[in-house]
Amino acid sequence: MPSQKTEILEHRSISTVKKYDKTNFFKHTYCVFKGVSLKEISRRKPHYRSESGSSYYYTKKGVYRLSNHWGRAAKCNWRLISEIPVEIDDLRLGYADWTDFRENVSEDIDAYYVSIDFDKKIVTYKHKDNPDYDQKAVLRPVNTTRKLIKQIKNLLETHKWAKYYEYDDLDKFREEIILELINTDNSLNDIRRELAEY
């Protein structure tokens, strides 16, 4: 028979996705906004303007955020992924559905994973509650995940590191190393040592 402590821990481990709306989306959340054109809000008035100058436009399904700063916003972690050029000063408009918001967990909790598009050479991180999470990528704390992304970007954008190894196709070699970094706990140094032995 399980102890009361075990039952409490099991209950806490069950992942429940909190529901967000205009009343709580700004309280300790993580979200990836998608870049949209300013035309989307051309006939709207902001529902809220923050002290830092960001404007928010609410809809039934989500929120538009017009801001010149993304990433850490107060106690939230809001990222913008956009291919739309800046239209006014440094202001960028992003949109997110209420269902895109997740709880921004403590910095030492394994809650984020690295996601990569090799064709576009885009590397980013996502929250474990993302419905697209395939359970393959290792979950890490946010700061560890950011450091890993820097290493991966270096592997993607440079080639000097590869001159010490034998390979037939640099792109495939790169992909193998990066996938090992994402899907295992092996460090880049561990992988380099392993490669040097061959």
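Structure summary
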{"item": "Every residue from the stretch 131-163 that is of a type outside the set (A, V, I, L, M), in a helix (DSSP H, G or I) and out of contact with any Leu (no Cβ under 6 Å at 6 or more places or on another chain)", "result": "143, 144, 145, 146, 147, 150, 153, 154, 157, 160, 161, 163"}
{"item": "All positions within the stretch 90-101 that are outside any strand (DSSP E or B), under 18 Å from the mean Cα position of the chain (by Cα) and not hydroxyl-bearing (Ser, Thr, Tyr)", "result": "98, 100, 101"}
{"item": "Residue match in the stretch 55-64 (condition: polar (S, T, N, Q) and open to solvent by less than 30 Å² (accessible area, probe 1.4 Å))", "result": "yes"}
{"item": "The stretch 70-89 residues that are of a type outside the set (Lys, Arg) and part of a strand (DSSP E or B), paired with ones that are surrounded by 11 or more Cβ atoms within 10 Å (Cβ to Cβ) and at pLDDT below 85 (beta carbon under 6 Å, 6 or more apart)", "result": "76/104; 77/104"}
{"item": "Residues being over 21 Å from residue 35 (Cα atoms), open to solvent by 40 Å² or more (accessible area, probe 1.4 Å) and either at pLDDT 90 or above or not basic (Lys, Arg) (or both) - total across the stretch 105-135", "result": "7"}
{"item": "For residue 195: the one exception among (1) open to solvent by 70 Å² or more (accessible area, probe 1.4 Å); (2) part of a helix (DSSP H, G or I); (3) at pLDDT below 90; (4) touching a helix residue (DSSP H, G or I) at 6+ places or on another chain (Cβ under 9 Å)", "result": "(1)"}
{"item": "Some residue of the stretch 43-63 being assigned to a loop (DSSP other than H, G, I, E, B), closer than 25 Å to residue 115 by Cα and either in contact with a Leu (Cβ under 6 Å, 6 or more places away or on another chain) or among the aliphatic types (A, V, I, L, M) (or both)", "result": "no"}
{"item": "Qualifying residue in the stretch 120-130 (condition: in a loop (DSSP other than H, G, I, E, B), in contact with an Asp or Glu (Cβ under 9 Å, 6 or more places away or on another chain) and in contact (Cβ under 8 Å) with a residue 60 or more places away in the chain)", "result": "yes"}
{"item": "Given (1) within 30 Å of residue 193 (Cβ to Cβ); (2) out of contact with any helix residue (DSSP H, G or I) (no Cβ under 6 Å at 6 or more places or on another chain), number of the condition residue 127 does not satisfy", "result": "(1)"}
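The values are calculated or read from the model by the stated rules, or taken from the named source; none is laboratory data. Computed from a predicted structure; not experimentally measured. Virtual Cβ from ideal backbone geometry, glycine too; neighbours counted across all protein chains shown. Quick note on the areas: whole protein, heavy atoms, side chains included, nothing else; ligands and nucleic acids left out. Shrake-Rupley method; radii C 1.70, N 1.55, O 1.52, S 1.80 Å.
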